Amino acid sequence: MRLVLVGPPGAGKGTQAQFIAEQRAIPKISTGDIFRANVTQGTELGLAAKAYMDAGDLVPDQVTVEMVRARLAEPDAAKGFLLDGFPRNVPQAVMLDEILRDIGSDPIDVVLELVVDDDEVVLRLSGRRTCRTCNHVWHVDYDPPTIEDICDRDGGALYQRDDDREATIRHRLDVYAEQTAPLVGFYARRGALIGLDATGPVDDVTERALEALHRFRT
Ligand SMILES: [Zn+2]
């Protein structure tokens, strides 16, 4: 099964990607992992990507696409894969179609969209508190330390990262919605989209995802 997973920040996408890929016995292919691997191995594409990142620029679609192409052509992806973090927009989705055609693969079977209410994401992320000493992440509601704002592990002071402030989170959610709505529409028109309620405990979400994929299979 060729799967794409999309979801807003704070939806637990990385965790779900891991579980679903394990359960379906397909490789999880994330752009983050591919970037790191290419940079570490010093491939031509990795060096190109690093040059953009070091300059504080976005890595151009073409560089990302070539990395994805090389990864999808590897033998372990022949029977299926789960893509996490790609495609991010419609032009990338069109390029993904071309890659799959070029390497003789069938098209994407399913796009699984993790759907979480914006307010729920804000609750999850804005409650996070990070230890200045060990960087452990606590949560004021879900995983509070014994003493407020003090790390249980080492007594370090806890603080709220800029990324976890409500205004920052809302902005990221807006950017996500703007980018993703057309992408989701693109796959919905093909009948390849499953929208999945991603609220509640992680295990429940995984179970719902696996059920939905099972039902989807014809
Ligand atoms: Zn600590």
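The values are calculated or read from the model by the stated rules, or taken from the named source; none is laboratory data. Quick caveat: nothing in here was measured; it's all calculated off a predicted structure. Methodologically, a virtual Cβ is constructed for each residue, glycine included, from the backbone with ideal geometry; neighbour enumeration extends over all protein chains shown. Note: accessible area is taken over every heavy atom of the protein model, side chains too, but ligands, DNA and RNA are not part of it. Shrake-Rupley method; radii C 1.70, N 1.55, O 1.52, S 1.80 Å.
Would it be correct to say that residue 179 is within 16 Å of the ligand (Cβ to nearest atom) and among the polar types (S, T, N, Q)? I'd like the intermediate steps shown before the answer.
Values: within 16 Å of the ligand (Cβ to nearest atom): no; among the polar types (S, T, N, Q): yes.
Taking the combined requirement at face value, the residue does not satisfy it.
Quick one: which of 153, 132, 165 is within 22 Å of the chain's Cα centre (by Cα) and open to solvent by 50 Å² or more (accessible area, probe 1.4 Å)?
Details: 153 fails: within 22 Å of the chain's Cα centre (by Cα); 132 fails: within 22 Å of the chain's Cα centre (by Cα).
It is 165.
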Margin query: Which numbered condition in (1) crowded, with 19+ Cβ neighbours inside 10 Å; (2) in contact (Cβ under 8 Å) with a residue 60 or more places away in the chain; (3) among the small types (Gly, Ala, Ser) is the only one that residue 30 fails?
Written below: (2)
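Take the range 173-205 and flag every residue that is touching a residue at least 12 places away in the same chain (Cβ under 8 Å) and within 14 Å of residue 124 (Cα to Cα). Spell out how you get there, then give the answer.
Within the range 173-205, the subset touching a residue at least 12 places away in the same chain (Cβ under 8 Å) is 173, 176-177, 179-180, 182-184, 186-187, 192-199, 202, 205.
Result: 173, 198, 199, 202.
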Next item on the list: Filter the range 135-150 down to residues that are open to solvent by 90 Å² or more (accessible area, probe 1.4 Å) and of a type in the set (A, V, I, L, M, F, W, C), then give me how many there are.
Entry: 1
Check: Any residue in the range 197-208 that is in a loop (DSSP other than H, G, I, E, B), open to solvent by less than 70 Å² (accessible area, probe 1.4 Å) and more than 30 Å from residue 2 (Cβ to Cβ)?
Finding: no
Checklist line | Given (1) out of contact with any helix residue (DSSP H, G or I) (no Cβ under 8 Å at 6 or more places or on another chain); (2) surrounded by fewer than 15 Cβ atoms within 10 Å (Cβ to Cβ); (3) under 28 Å from residue 172 (Cα atoms), index of the condition residue 44 fails | finding: (3)
